[in-house]
């Protein structure tokens, strides 16, 4: 389980709730109840109840990264995008990564007025740091403990912005002067945080999906956003990139796709060298496609999704199926080596290897059942894919391998 909290912020809190059930239906109903109650009881707050994620922390499944230079233009485009994709079915909880606007004290020193009183920007900053952050004046020792004594301004100066103008600033020429005499003090609203990516201001618009797959919701969102970016009033230099589940899935699959050709090449090389035959290698590789005949119906029957873990399960399944074909063909070769006729060699090899192959399949399926039943959304789909794929592929391998071997080698090994 992965937890992906937002960045620390004074106006942000995270509550972790332990439930007494793991039923997806009950959890969904509980989240909907909390969501409805929060909207009615706290209309000014943004409360997003969500279940912990399985696997690596991805965050919200729908994420659009909006990049550009101007702060106000980014907020205008954010409002435009939220209004455009808000009606998409199942999409809720839209928000941005910069958070709510917060009050910030703005102090602008006046160099001319400060110079008249023998001050500069550096001395003003040092005085303010002393007043609010403080400095260690001494240390109080109690037995073996050293307790620092911090000198800083009183609480009323630090907690009431309207009194900032009265903060004393020390000047070597005239003594203490109020901050308001050498600087303009004001309170402004600014974003809680301004995030950047590759030194460019980047605001991420986040959203969650209920009642449908996030990939389906993203497929509805992309045309809407594309039409906005093609419009004549879309400002130049502002771009949108997609993140969330789509980006993480794409990264995982691209990394896997980069390694798969190397693995398949090594597998092919080993099989060709082992059997010293292209035809035998071809028979083994032709036993792989029947795996899909079992995987797809299995996922449909169990209501499982085809995700990255399912893909990993199919790759593991590939090794098991190839191993069954290798055992069968190796036994046929052994029988042919004893000068047995082709048909008799195939029948004898199938009888000899039937029990080991079926026992291996049964033990693997039984071992995967607990994971399929109680493994959760991430692991159960992988287990179901392996169970159904292995069951179908084993049965078809026992039929397909002998038939293909006979068709390809009946002239090489005549019956007489």
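Each reported figure results from applying straightforward, stated rules to the coordinates on display, with no laboratory input. Predicted model only: the values in this text are computed from it and were never measured. Positions of Cβ are generated from backbone atoms using ideal geometry, with glycine treated the same way; all protein chains shown enter the neighbour counts.
Overview of results
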item	result
Among 51, 393, 231, residue whose mean-square fluctuation peaks in a GNM of the chain (springs only between Cα atoms under 10 Å)	231
Normalised alpha carbon radius of gyration of region 287-350 [divisor 2.2 N^0.38 Å]	1.57
Cα gyration tensor shape of region 88-152, rounded if a/c is under 1.5, else prolate or oblate by comparing a/b with b/c	oblate
Förster radius 60 Å - calculated FRET efficiency between residue 411 and residue 216, Cβ distance, rounded to 0.05	0.70
Global size of the chain as Cα Rg and Dmax, reported in angstrom	34.2, 120
Burial order of peptide ranges 72-84, 318-330, 209-221 (average beta-carbon count within 10 Å, highest first)	318-330, 209-221, 72-84
Over the chain: helical MRE at 222 nm, DSSP H runs n ≥ 4 each giving -39500 (n - 2.57), nearest 500	-18000 deg cm²/dmol
Mean separation of Cα contacts under 8 Å, 6 or more apart, over the residue count of the chain: relative contact order %	18
Projected label distance in nm at residue 15 and residue 50, using a 7 Å step from Cα toward the beta-carbon	1.8
Extended-chain gain in nm, criterion 0.36 nm per residue less alpha-carbon gap, residue 173 and residue 256	22.8 nm
Cα gyration tensor category, rounded, prolate or oblate, for region 277-409 with a/c compared to 1.5	prolate
Nearest-0.05 FRET efficiency for residue 70 and residue 101, computed from C-beta distance (R0 22 Å)	0.85
Calculated diffusion of region 255-322, Stokes-Einstein form, Kirkwood radius summed over Cα pairs, 10 °C and 1.306 mPa s, µm²/s	118
Candidates 60, 70, 144, ranked by Gaussian network fluctuation over the chain, Cα under 10 Å, top entry	144
Cα long-axis angle, helix 290-302 against the chain (0 to 90 degrees, to the nearest 10)	50
Rounded tilt (10° steps) of 214-230 against the dominant C-alpha axis of the chain	60
Square roots of 5 times each gyration tensor eigenvalue, C-alpha, region 102-191, largest first, Å	28, 18, 10
Most to least packed among 274-280, 32-38 [average Cβ atoms within 10 Å]	274-280, 32-38
Cα-based shape type of region 164-207, given that a ≥ b ≥ c are square roots of the gyration tensor eigenvalues and the cut on a/c is 1.5	prolate
Measure of compaction for region 37-182 (Cα Rg per 2.2 N^0.38 Å)	1.67
0 to 90° range, to nearest 10: angle between helix 121-132 axis and the chain longest Cα axis	80
Computed FRET value (nearest 0.05) for residue 181 with residue 41, which takes r as the C-beta separation and R₀ as 41 Å	0.30
